[in-house]
Amino acid sequence: MRYSFKWLQELISLDGVPFPDLLVGLSGIGLHSEDIVTDGEDHIFELEIPANRGDLLSIWGLSREISALFRLPGPAFPFQLRKEVTSAEKDGLKVKIDALEACPFYSGCLVSGVNLRESPEGMAGKIKTLGLRSLNNVVDVTNYTLLELGQPLHAFDADRICGGIEVRFARSGEILTTIDGTERKLNEKILVIADSVKVLALAGIMGGKESEVTENTKNVFLESAFFQPGTIRFGRKNLSLETEASVRFERGIDPNLVVAALERAKNLLREVTGGATGPNVKSGRLPRGHSAISFHPPQLKNVLGIEISPEETESIFKRIGCSVTDKKDFWLVSVPAYRRDLETEIELVEEAARFYGYDRIPSILPQVQLLPLESGTSLTKTAKIRDLLILAGFDEIITSSFGISGTSDSPAGVSGVRVNNPLSQEQKELRESILPALIQTVLHNLNQGNLNLRFFELGKVYQAAGLQNARGFTEESRLGLIMTGGEADRLTLKSLIFNLAKRFGVGKLKVGPVDQRYFDFTECASLVLPDGQKFAVFGVIPATKGLLLAAEVYVDGLLNFSLRPVRFSDWPKVPAVIRDYSFLVPELLSWAEIERKVCGLSELISRVTFFDLYQSPEYPAGFQSVAFSVCFQSPERTLTHSDIDAMQKDLIGELEGMGLKFRQQKTATN
C-alpha cells in the first residue's frame, strides 16, 4: 500500500523523525519500502505489508506502528465519536442478517439531501496521491475513510433500495452487474447485500450498477459492516475480482473501527455534501478480540538466545496496544482486537524481537552435538545403496511425487491416490511407480542429444488402501534405475541388482511373475525374496531410440535385511581350473535354477558364469543351447584332473537329471 508522509504527520508528531530515518526504522521491523516519490513537501512511499497484518493497510494503522517503533504518543483520533442509540430499524429502513456466520455485524445510516459535486481539493488530492480515483464527493468520502482508517464502506443510492437491507448468501442463478459494468453469475457461497427484490452488492467486494451513486442521487445509504475473512476470500477467488475493500476484509479489519468509521464518514458527508445524516441502524453483534495469551518471560532467552529485561518487554507489549497482567509465574497479555496476527506465545516473542531490534541480537553459531548415525538404521542402509550406485556410475535425480497422466499401473477398476487440490489435471494423483518419471526424464535428455545416461531415484510411491487404513493410502520406498547409450547392457543391470541383494545378505532370489506394464514382455524379469516378497522387476523399455533398460527395486523389503560387512581375503595361492560346458536346455527352465544346482554341488566350485545362448532348428523341439563356465578352485592345493573329473561327473549327472542334454566341454587353467 502507498502512504503519505505528510498525512501521517497529521496524526502523529514526526518532527524529530526525518523521512529517511523513518524508512530505515520501518525496514528494521520488517516493513520494507519501495517506489519512493517526492511530491513537493510530501513523500509518497509504498510498503510491503505482510498478509497477516491487515491492520497496517491504513494511515491510522501505520501511524500506530510508527508510534510504537519510535516511542511516540499514539495517533490522535481525527474526530469525536458521538454515542447514538441504534436499532435494527430507523426511518422505515430495516436491516436483517440471514448469514450471521459470514457477517456478524452490519450497520449503516441514511444521508438525505446530498449535493453531488467534486470533492474538496485536499480530500481529492490525498486520494489520488495514494493511487485511487476521485469520482465525486460521496464516493470519495468512502475511499478517504478506507485509506485513513482501513474500514471499507459502501454508499448506495437509497432511493433504489426496495424495502430493507438483507445480508444473505446468493441464490443459485442470481446475476449481478457490478459497478465496473461486468455481469457476474453468483452461487450459494457468495455473500451479497440485497433488498426485498434484488441483489444490490457483492458483500465486502464491490457494489452493483443498479444501486450505485450517480449524479442524480439525492439520498444515500452508507454501509459499514464486519465480514468474515474466509467468506470474502471465497467470493473474491470465485469471481476473480480483487478490490481495495476485499484486500482488507480478507486480512481482517478492526471490529472497534466499524462504527467509528461510519461516524467519521457521516461527519465528512455533512461537510462536503451538505446532507443531513440520520441515526445509525444495525443488526448483529461485533465479534470480540482474541482471548489473553499466557506469556513466560524466560521464553525470550530460550528462543532468541539473549536477555531482554522484563521492563523492556512490558514496554514493548504496551506500545503495540497490549495490556499486561503479572501472574508471578507468567504474564497474561491481552491483545488488541486489530492485532489478529497475535494468537500464541511465540508470536509475542517475535514482536518483542522486532521492536527490541534484530540488529541488536548477536550472531552466534549454535552449539549442536552431532552424533554419528547408528549402523543398521534405514538411513545408513539407504546411504549405502546410494554409495553403491554412485560407484557403479549412476547419477541420482529427484522427480515429482505426482503421477504422470496416463501412466497409472493400478489394476483395472482401482483408482490411484487422488490429490485434493491438484496443480493440473496431469498431476491429479500421487505416483504409484518411480519408472514413468525416470523414463520421461531419459527421453527428454535423449531428445536433447544426451545419449549415455545412468540415473537412479530413491523415493516414495503411494498405493490406494481400503477403509481399514485411516489415511486411505499406503506409502513405500522404491528404487528406480535406468540406463541407456553405449554402456547399457542387460547383464550389467542384472548383476547390479544381484550385487545389491548380495550386499544386504539376501539369500537366493527367485524368479516371480512380471506384473509391470512398462517393459517389453519378452525381455523382462521379476525377482522375489526368499519369503515371497517382491524384490525387483527389470527389463527393456520398448518403443524408444536405442536400448533403454530400467529396473524398480522394492526397497522396504530389502531394508529388513542387515548390511553384510565387506570381507577381504588373500589372493589365491594356487591356480584355478575353468571348464566350459554346453548343454541343450529345455526352454522353460530358467538359468537361475541351473546356477543354483551347479553351485550347490561342491564347495570347490567358486563361481558359475553364463556366456552364451543359441537356438537352432536342428535342436530337438523345445530345447536351446546354453553355454557356461565353471571355476574349480581349492584354497589349499592345486586340484588334479581326477578331482575335476569326479566333480564334472556329478555335475553332468545332476543336470541331466533336470532334463538337460550334455553336448561338450573345454578346459582352461588360470
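Each value in this text was obtained by applying a stated rule to the coordinates, not by laboratory testing. Quick caveat: nothing in here was measured; it's all calculated off a predicted structure. Reconstructed Cβ throughout: ideal geometry from the backbone, glycine too, with neighbour counts over all protein chains shown.
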Could you please tell me the mean projected area of the C-alpha convex hull for segment 129-231, averaged over all directions and given in square nanometres to one decimal?
6.9
Pairs of alpha-carbon atoms within less than 8 angstrom and 6+ residues apart define the contacts here; what relative contact order does the chain have, in percent?
9
With θ taken as phi - 60° and the coefficients 6.51, -1.76 and 1.60, list the Karplus ³J(HN,Hα) couplings across segment 579-585 in order, rounded to whole Hz; mark glycine and proline as x.
10, 9, 10, 10, 10, 8, 10
Of 545-556, 421-432, ordering from highest average Cβ density within 10 Å down gives 545-556, 421-432
How compact and how long is segment 546-663, expressed as Rg and Dmax of its alpha-carbon atoms in Å?
17.8, 49
Per 0.36 nm of contour for each residue apart, how much would the distance between Thr522 and Arg288 grow if the chain were fully extended, relative to their Cα-Cα spacing?
77.1 nm
Can you tell me the FRET efficiency between Ser606 and Asn420 if r is taken as the Cβ-Cβ distance and R0 is 51 Å, rounded to the nearest 0.05?
0.35
Where in segment 325-401 are there trypsin sites (Lys or Arg not before Pro) that are in a DSSP coil and have at most 14 other Cβ atoms within 10 angstrom of their Cβ?
Lys327, Lys328
Give me the lysines in straight-line cross-link reach of Lys301: C-alpha distance below 25 Å, same-chain residues under 8 apart excluded.
Lys318, Lys327, Lys328
Lysines within cross-link reach of Lys209: Cα-Cα under 20 Å, excluding same-chain residues under 8 positions apart?
Lys185, Lys198, Lys218
Among the aspartates and glutamates, which have Cα under 12 Å from the Cα of Lys96 when same-chain residues fewer than 8 positions away are ignored?
Glu166, Asp195
Per-residue ellipticity at 222 nm attributable to helices in the chain (runs of n ≥ 4 DSSP H, -39500 (n - 2.57) apiece, nearest 500 deg cm²/dmol) works out to -8500 deg cm²/dmol
Note the direction-averaged projected area, equal to a quarter of the hull surface, for the Cα convex hull of segment 277-402, in nm².
18.1
Relative contact order of segment 277-384, please, whole-number percent, based on alpha carbon pairs below 8 angstrom and at least 6 residues apart.
28
For the chain, I need the span (max minus min coordinate) of the C-alpha atoms along each principal axis, in Å, sorted largest to smallest.
124, 61, 49
Inter-part gap, Cα centre of segment 100-115 to Cα centre of segment 365-389, in whole angstrom, is 64
Taking the Cα of Ile652, stepping 7 Å toward and past its beta carbon, and measuring to each backbone N in segment 576-610: which are under 11 Å?
582
Taking Cα atoms, the helix 19-28 axis meets the longest principal axis of the chain at an angle in degrees (rounded to 10) of 40
